[in-house]
Amino acid sequence: MKTVWIYVDTKKKVGDRDHLKVFANSDLADEWFVVNDPEGIVFEYEVIGVADDETGSGRQRHR
């Protein structure tokens, strides 16, 4: 199961470019928090339709 870590800036409006931050792993999220929002909260979320590798092969198509 592949997951990402999501941060929601509640001071921003939905749709604002900075409303959400999505991190590939918890280490990257932690690094960002130290500099940008040490009191912030992030949650883990499962990725649906994960690619087979970094190039994106195996990507599911929408019908």
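The values are calculated or read from the model by the stated rules, or taken from the named source; none is laboratory data. As the structure is a computational prediction, the values presented were derived from the model and not from experiment. FYI the Cβ positions are ideal-geometry reconstructions off the backbone, even for glycines, and counts take in every protein chain you see. Quick note on the areas: whole protein, heavy atoms, side chains included, nothing else; ligands and nucleic acids left out. Shrake-Rupley method; radii C 1.70, N 1.55, O 1.52, S 1.80 Å.
Tabulated values for the structure
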quantity	calculated
Residues within the stretch 11-27 that are more than 10 Å from the chain's Cα centre (by Cα) and hydrophobic (A, V, I, L, M, F, W, C), tallied	1
Breaking point among (1) surrounded by 10 or more Cβ atoms within 10 Å (Cβ to Cβ); (2) under 19 Å from MET1 (Cβ atoms); (3) at pLDDT below 90, for ASP52	(1)
Pairs with Cβ under 6 Å, 6+ apart, first in the stretch 11-28 and of a type in the set (Lys, Arg), second surrounded by 11 or more Cβ atoms within 10 Å (Cβ to Cβ)	LYS12/HIS19; LYS21/TYR7
Residue list for the stretch 9-34, filter: under 24 Å from ILE48 (Cβ atoms) and either open to solvent by 70 Å² or more (accessible area, probe 1.4 Å) or part of a helix (DSSP H, G or I) (or both)	VAL14, GLY15, ARG17, LEU20, VAL22, SER26, ASP27, LEU28, ALA29, TRP32
Lone qualifier among ILE6, ILE41 - being open to solvent by 60 Å² or more (accessible area, probe 1.4 Å) and free of Cβ contacts under 8 Å to residues at least 40 places away in the same chain	ILE41
